[in-house]
1. For the stretch 1-145, what does the relative contact order come out to in percent, with C-alpha contacts under 8 Å and a separation of six or more?
2. Within the chain, what percent of beta bridges assigned by DSSP are antiparallel, to the nearest 5?
3. How high is the relative contact order of the chain, in percent, with contacts defined as C-alpha pairs under 8 Å that are six or more residues apart?
4. Please list the three semi-axes, largest first and in whole Å, of the ellipsoid equivalent to the stretch 92-248, using sqrt of 5 times the eigenvalues of its alpha carbon gyration tensor.
5. Which angle from 0 to 90°, rounded to the nearest 10, does the C-alpha axis of helix 63-75 make with the longest principal axis of the chain?
6. Report, to the nearest 10°, how far helix 145-161 tilts away from the longest principal axis of the Cα atoms in the chain, using its own Cα long axis and a range of 0 to 90°.
7. What is the stretch 345-462's relative contact order, in percent, from Cα pairs under 8 angstrom and six or more apart in sequence?
8. How far, in nm, would the chain grow between residue 238 and residue 91 when pulled straight, counting 0.36 nm per residue and subtracting the alpha carbon separation?
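Derivation of every value follows stated rules applied to the coordinates shown; laboratory data play no part. The model shown is predicted, which means the values in this text are computed figures rather than measured ones.
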């Protein structure tokens, strides 16, 4: 906290230095970032996009006000003049995100409730380019959240020392666990759904306060769930075209989700919103016992015959999506253990090659049905306009058998759900996760940079709202 009791925020510092309201600078910066890495004109910034999905884009701003805000942001390197382009009869300079600031992000690798390593990256503030990176893996005996915080702090110092001309905008850390207010609560079988907590944000704040980055008086620190970060990146890449978006990703040990509602990321009270992997899927949403014995019912019973042998989720409860649909669960059902040096998809493909075809098809059908039922629950509750599904590269359609069984069963359960059946309201698309650990770290690192930028802008806008309420 700063002297005013606020979270440190470089945008608020820049605004107050020039006598601007933080919300104005945040709005201008958000509209330039919306187009990144493309450039945008002052006229477009001023007009905004009335009726669009994001609240920050809706309200027009007077063009002279925009010009003043641009000068202040450019003075500190947050914006820069771009190319000259013709606008009507005149030639004007367009704008782009500036190079005066960089963002440090950390992709945390985990096994169960403990961090096993971290890749720290230096990105431009828009998360479009990666400038440098460092990785450290932890041994089982040394792994801890305290060591993770110290490693990130050390990495950020080393990465920023290579270019002292740029200031540090913020530090973003994405973790594969629920987070709220910088506190991480990994889910384990021993602790169930409550989990122990690690105040990773607090650890990092103390380290950076004690040993700060030179020239960075207001360092924002954001600790966020990995798929929530990915959701922010997807939302930006989709052009903020929908007010409601759900993103679901199948990672090795868990199925996670992120949710945009009314143009804003939603985390829930304790950061556990969209824990898709812990939805119970023993029966499909909308199932009715009094229906006649249809082909659909027989198909569902066949796919879900293994429910007679309940499988425990890593949280200790039965019948969750994670118990069936993750690569680690599929490997278990195929009778193969995962080696630490193997990538999830590599070991999954090897397990299929060593298993007879009927059994493989049954396993993938069950995994797909469980995943589809989880998605059906998401659509029934949130009714998103768009649904983006990240899965291992080898599961993105079109794929051969038995992998195709996963997609067929997942899509069937999703399309039969109450919210989707017979309605064109929710569209969905499959996307591949990167096939290597390094590429995965870079994807999530870029996503964390977008989340840092969004968080800093949201805090600036919220401060304006708070001041307006005090004045009214």
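1. Values: 220 pairs, mean separation 23.8, N = 145.
Computed value for the stretch 1-145: 16 percent relative contact order.
2. Numbers: 40 of 64 bridges.
The antiparallel proportion sits near 60 percent.
3. Numbers: 922 pairs, mean separation 78.4, N = 472.
Relative contact order here is 17 percent.
4. Numbers: eigenvalues 145, 96, 33 Å².
That gives 27, 22, 13 Å for the three semi-axes.
5. It works out to around 90 degrees.
6. So the helix axis and the longest Cα principal axis differ by about 40 degrees.
7. Working: 123 pairs, mean separation 36.7, N = 118.
Relative contact order, the stretch 345-462: 31 percent.
8. Numbers: separation 147, 0.36 × 147 = 52.92 nm, distance 2.92 nm.
In short, 50.0 nm is gained.
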